[in-house]
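First comes the structure, then the notes that go with it.
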Amino acid sequence: MASVVTLTMNPALDIATATERIEPAHKLRCSPPRYDAGGGGINVARAVHALGGGALAIFPAGGAAGEMICHLLDEESVTHQVVAIAGFTRESLAVEERTSGRQYRFILPGPVIGAADQERCLELLSRAAPEAEFVVASGSLPLGVAPDFYARVGTLVKRYGKRFVLDTSGAALEQAGKGIYLMKPSLRELGEMAGRKLRDEADEEEAAREVVAQTRAEIVVVSLGARGALVADRHGSERVPAMAVAAKSTVGAGDSMLAGIVLGFTRGFGLHEAVRFGIAAGTAALFGAGTQLCRRDDVERLYQSAPATEAPAAAAGSDS
């Protein structure tokens, strides 16, 4: 049984390579590419599986890139269920410039997903949700999918009494509805939800608590990169520090972090420790080349070696 079921409406075949220098109007000779199954929910499922948890990935797919995603998931032994579509699943390209160490990411739009295929995705989710502890919807919505789609997913998940976790942006986040168990916006997305520029840490904390007070989410985890994470729930807010390492690639770090948090919950961790485990997973993803996600031994080493921190008694971190 998969304790974590993920939904990815806009999957991608992630391709990573490197070239000496990126210059316009030149043929840029690249290193042999690395291919990974990608898209937010697929990455979460892959990371949960890599960390020893049970995960099922649900997604629509079509064309050669869709077939390649399924092949790659089979190679990793990640359980998945696919809605076959007529369109072509997108590809995403990450290119490292060796001379500067900079990484350039090119994200293509996904195919149009029609109403019938959307319903088929929801049908698969409806069959899988009763056996899960958490349902994670992550990533952008493709063309043809209304921005309130994740609100429909949330309603479905709540019908089965399961916990709904969401990581998205833009209109899909704005129209995601209420009653979400955990939401993971970026700082920019939190500002958009608050409708104002967040000028300092106090303003950030107030905005995160507002999301909880508005019953949009029981828990808000804001990824702050090198500053760690801001966590808010009905008890208040707190900050969980980052784990300082040298980064090779940031691709998949947020998805790895979310996987670690959710997996921590399935293992009985309280909120504070689950977020700390998530930060270890997100940090471990920085060690990987290109589109590689976190590795279990790196995550466990970081989690065990990082100084333990305690949540303030009157703030987030209590069991939720």
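Values in this text are rule-based calculations from the coordinates and carry no lab data. Values in this document were obtained by computation on a predicted structure and should not be read as measured data. All Cβ positions, even for glycine, are placed from backbone atoms using ideal geometry, and neighbour counts span all protein chains on display.
Brief remarks on what is shown
- Shown is the FRET efficiency for Thr266 and Ala146, computed with R0 = 30 Å from the Cβ-Cβ distance and rounded to the nearest 0.05: 0.45.
- In a DSSP loop and with at most 15 other Cβ atoms within 10 Å, the trypsin sites (Lys or Arg not before Pro) in the stretch 28-69 are Arg29.
- Hydrodynamic radius of the chain by the Kirkwood approach over all distinct alpha-carbon pairs: 19.7 Å.
- Database remark: amide H of Ser237 closer than 5 angstrom to the amide H of Ala316 (H placed geometrically; neighbours at sequence offset of 5 or more, or on other chains; Pro and chain starts carry no H).
- Looking at the stretch 179-208, the trypsin sites (Lys or Arg not before Pro) that sit in a DSSP loop and have at most 14 other Cβ atoms within 10 Å of their own Cβ are Arg196, Lys197, Arg199.
- Alpha-carbon Debye profile of the stretch 162-304, log10 I(q)/I(0) at 0.09, 0.21 Å⁻¹: -0.25, -1.30
- GluC sites (Glu not before Pro) within the stretch 106-193: DSSP coil, no more than 13 neighbouring Cβ in 10 Å: none
- Binning the alpha carbon pair distances of the stretch 126-169 at 10 angstrom intervals from zero yields the distribution 28, 53, 19, 0, expressed in whole percent.
- Ignoring lysines fewer than eight residues from Lys27 along the same chain, the ones with Cα atoms less than 30 angstrom from its Cα are Lys248.
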